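The values are calculated or read from the model by the stated rules, or taken from the named source; none is laboratory data. Everything numeric in this text was worked out from a predicted model, so none of it was measured. Here the Cβ positions follow ideal geometry from the backbone for every residue, glycine too, while neighbour counts run over all protein chains shown. When the accessible area is computed, the model is the full protein with side chains, heavy atoms only, and any ligands, DNA or RNA have been set aside. Shrake-Rupley method; radii C 1.70, N 1.55, O 1.52, S 1.80 Å.
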Amino acid sequence: QIPPGLGITPEERNHWAFQPVRRPEIGDADTLTNKDQVRTPVDALLLRAMPAGLAFSPDADRNTLVRRAYLILLGLPPTPEDVDRWGNDNRTDWYDRLITNLFESPHYGERWARHWLDVAGYADSEGYTAKDPVRNWAWKYRDWVIRAFNQKMPFDEFVIKQLAGDELAGPWNDTPTANQIELLTGTGYLRMAADGSASGDRSATSCNQVMTDTLKIISTSLLGLSVHCAQCHDHRYDPIPQTDYYALRAIFEPALDWQVWKAPRERQISLYTPAERELAQQIESEAQQVRKEKQIKQDEFISAELEKNLLRVEDESLRDPLKSAFLTPTKDRTPEQKQLLARYPFVRQLSPGSLYLYNKGAADKLKEYDKRIREIRGKKPPEEFVRALVEPAGHLPETQLFHRGNHDQPRQTVRPASLTISSAEHQRVDFPENDESLPTSGRRLAYAKWLTNGKHPLLARVAVNRLWLHHFGKALVATPGEFGHLGTEPSHPELLDWLADEFVRQGWSWQRMHRLIMHSTAWLQSCSTTKEQLELDPANVFFARRPMIRLEAEAIRDRMLAISGNLDRQLFGKPSGIKKTDTGEVIVDGEQKRRSIYIQIRRTQPVAMLKAFDAPVMETNCNCRSVSTVATQSLMLMNGAFVLRQAKNLAQRVASSATPLPHDRLAGLPTLPNATEQGLAGPAKSTETILGEVVQAWRLAYARSPSDVELQWAAQFLIEQLQVLYAEDPDSATDRAMTNLCHALVSSNEFLYID
């Protein structure tokens, strides 16, 4: 056997991420220079870390807070009615009520599921090869994640169900129960890695790659560690020996055994109930009866045509041998029979597929049988499946360490265990190889329960770091998937530990942590800054001002749909398909109305608009999206068919719903050119009507009314537009001018960013 190595040194254990979570003392806020800005312990810890002379910015106005809360929690803008409702709410707890109201929205789950699906590596296709076959039932897992957030599932339960839902579910007979289906669906998390066996590649290399990628997803999403770097040798930078990598692999090997591999189709769990299965069998029997009738009739037609064609053979002595050769199955024909048939192609080519060439009437009659069979089978209840990971009962393969990561060079057997560095010194946690109380090995369930026991040094830290990232646009640890030596150290280690400890104390509740963060001065402050702040904290390391957050690709698209009145708010279901245009651009197939989380994610065909705004191409998983500013984004906003369509829809919406601008706001604004006044045939719209549409467009796009300066700017823009457009087409000039204005609104920074 290979010796265990040099072990882990005290210096390696001293790395901040491997230390136990320690809740810092908040201390007396009265001792802080800016004690009046302390609303929560979050504020106290941030203020304490700030250099002298630095403090939080003033609170944002109510309108900004409402807009910010909607976009952060729902990923959708508030309607003008929402803005008015919360803007005019005089109750002292209006803000807390707002947060509660947003938690109850079904769109909350959609928004925060999108964040998790990134780290889980969610995709609707198998990848690995250029074929990239579609995963027909992966969306069930996507919907499970949305429901988990909407049902306020605690994070520890969320993790356990994804790692070991099948072991919790236990055995079932014909069909799993509703509770078992829910548990099985959660294990879709372990089925997100690209899988070459779906394309027919069942090689050892392909199957082992699935395991490698699955462990990478698990380790980066839950542990914040690049454990996969220890596959071939001890980790170069972190105290993760190669034996630890294979000990972790041993936890999952019974369900993902590369030597007894199951392709994706073989792992599907049917959701047919016994009654549905019996009905489907009855219907199939009926269809098979019609098929037999068709076969009899088909044989009659073929036989009749064969006799006709044999009469065309002048040498009567060859007719019987030719008939015998034709009726002999192809694989059993002698060389002489093949040669004979080759001489008479009008006999040889006779088949059910070519019958229409010989007797179209007969072929049409056979088509009627096919139609009947389709109609009968159409009565079957639709069969749905779950893409789950289900461990076979009693399957206990040995996990062997691969020399240099090569499966052809197995070495010693490795037992299931935790990472040594994640346990106290000399207290590494080993897991039983087989739990006698379960039909499965129980390894993943044991690991999941240990991972969520509240004492693990990484899980809670990784989780709250991502929570902070999505609230502030920048994480406390800038490398959310890498807490090891290859990553960055936390900008606020005490705050990170306090949040991690509080997360566990609050029952692993995302909503309680949302509420805590959103009540902090750090969250409530404005994005405005001063010269002094910029000098003391140019990179905003100390969160002395609210960071501007660029909306993710999906939220940009969803926001456009929402303000144009085109958003289909239906939850769940099969993804919207995609297609390539004549120019090769990948777009949504059909009407583009569903929320972006429901668009099919093909690894080899990312949707052009989403890719332009940094939606990840899911090679494995995405722990932190990049935020780029590149020319293709401007080109997409300027020329993209989807953007242009939503701008037009927004213009049509405001034209049908806006009220004229009150006369007291018209003072000082220019009069817009009118088609009638110019002797043109276009529709006559008054200045107050058009500017009323401008105000409504502003309220929909920005969730606020335009200032006097902005209204002046919009009026001047429309004047310039109308002067050109009236000459081109008086009938459409006003509508086109308003569409151009709406186009400018949805392409602006204010639309693309959360302030």
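Summary of values
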| item | result |
| --- | --- |
| The stretch 96-138 - charge dipole about Cα centre, Lys and Arg +1 at Cβ, Asp and Glu -1, debye rounded to 20 | 20 debye |
| Whole-Hz couplings from phi, Karplus 6.51/-1.76/1.60, listed for the stretch 302-313; x for Gly and Pro | 5, 4, 5, 5, 5, 4, 4, 6, 5, 5, 7, 7 |
| Qualifying aspartates and glutamates (Cα of each under 20 Å from Cα of Lys331; at least 8 residues distant if same chain) | Asp299, Asp320 |
| R0 of 51 Å, Cβ-Cβ distance Asn406-Asp708: FRET efficiency to nearest 0.05 | 0.10 |
| Stokes-Einstein diffusion coefficient of the stretch 1-151, Kirkwood radius over Cα pairs, 10 °C, 1.306 mPa s, in µm²/s | 77 µm²/s |
| Whole-Å semi-axes of the ellipsoid equivalent to the stretch 49-95 (Cα gyration tensor, √5λ, descending) | 27, 14, 8 |
| The stretch 101-133: GluC sites (Glu not before Pro) in DSSP coil with no more than 12 other Cβ atoms inside 10 Å | Glu104 |
| Extension gain from Asn90 to Lys338, taking 0.36 nm per residue of separation minus the Cα-Cα distance | 80.0 nm |
| Equivalent ellipsoid, the stretch 571-705 (semi-axes from 5 times Cα gyration tensor eigenvalues, Å) | 40, 17, 15 |
| Ser317 versus Met638: modelled label distance in nm, points set 7 Å from Cα along the beta carbon direction | 8.5 nm |
| P(r), alpha carbons of the stretch 539-609 - 5 Å bins starting at zero, rounded % | 3, 14, 21, 20, 14, 8, 7, 7, 4, 1 |
| Anchor Lys455: lysines whose Cα lies under 24 Å away (excluding residues fewer than 8 positions away in-chain) | Lys152, Lys161, Lys216 |
| Whole-angstrom gap from the stretch 612-670 to the stretch 364-438, using each part's C-alpha centre | 44 Å |
| 23 Å Cα-Cα threshold exceeded, pairs from Lys379/Lys579; Lys338/Lys367; Lys579/Lys611 | Lys379/Lys579; Lys338/Lys367 |
| Exposure ranking of Arg39, Arg625, Arg374 by accessible area [1.4 Å probe, largest first] | Arg374, Arg39, Arg625 |
| Other-chain or far-sequence residues with amide H under 5 Å of Ser576's (modelled H) | Ile599, Gln600 |
| More than 18 Å apart - percent of Cα-Cα pairs taken over the stretch 597-674 | 64 percent |
| Whole-angstrom gap from the stretch 584-611 to the stretch 41-86, using each part's C-alpha centre | 32 Å |
| With DNA, RNA and ligands ignored, accessible area of Cys527 (1.4 Å probe; Å², nearest 10) | 30 Å² |
| Range of Cα positions in the stretch 457-517 per principal axis (Å), largest first | 31, 24, 18 |
| Label point at Gln259 placed 7 Å out along Cα→Cβ; residues across the stretch 194-238 whose backbone nitrogen lies under 14 Å | 204, 208 |
| Net lengthening on full extension, Lys131/Ala478 (0.36 nm per residue, minus Cα-Cα) | 121.4 nm |
| Fully extended contour minus Cα-Cα distance, from Ala304 to Asp59, at 0.36 nm per residue | 79.2 nm |
| Separation in nanometres of the label points that stand 7 Å from Cα toward Cβ, at Ser626 and Lys449 | 4.4 nm |
| Spatial extent of the stretch 412-557: Rg and Dmax, with the Cα atoms as the point set, Å | 19.6, 67 |
| Spatial separation of Cα centroids for the stretch 143-191 and the stretch 293-315, in angstrom | 58 Å |
| Residue-wise HN-Hα coupling along the stretch 189-205, computed from phi with Karplus coefficients 6.51, -1.76, 1.60 (Hz; x: Gly, Pro) | 3, 8, 10, 8, 5, 4, 9, x, 5, 5, 9, x, 8, 9, 5, 4, 5 |
| Within the stretch 254-294: backbone nitrogen closer than 19 Å to the Glu368 label point (7 Å, Cα to C-beta) | 287-294 |
| The chain: equivalent-ellipsoid semi-axes (sqrt of 5 x gyration tensor eigenvalues, Cα, Å) | 55, 44, 22 |
| Whichever aspartates and glutamates have a C-alpha closer than 15 Å to that of Lys131, once near sequence neighbours (fewer than 8 apart) are set aside | Asp195, Asp201, Glu619 |
| Globularity ratio of the stretch 317-429, using Cα Rg and 2.2 N^0.38 Å | 2.38 |
| Residue-count net charge about Ile251 - beta-carbon cut-off 13 Å; Lys, Arg +1, Asp, Glu -1 | -3 |
| Amide H contacts under 5 Å for Gln400, placed H, 5+ residues apart | Val414 |
| Reference-scaled alpha-carbon Rg (2.2 N^0.38 Å with N residues) for the stretch 258-376 | 1.55 |
| Long-range amide H partners of Arg594 with built H, under 5 Å | Asp568 |
| Per-residue ³J(HN,Hα) for the stretch 613-625, Karplus 6.51 cos²θ - 1.76 cosθ + 1.60, θ = phi - 60°, Hz, x for Gly and Pro | 9, 6, 5, x, 8, 7, 6, 10, 8, 10, 8, 7, 6 |
| Phe326 accessible area, 1.4 Å probe, all protein chains in place, Å² to nearest 10 | 30 Å² |
| Using a Förster distance of 22 Å, the FRET efficiency for Ala52-Arg23 (Cβ separation, nearest 0.05) | 0.25 |
| Normalised convex hull volume, the stretch 144-287, alpha-carbon set, Å³ per residue | 148 Å³ |
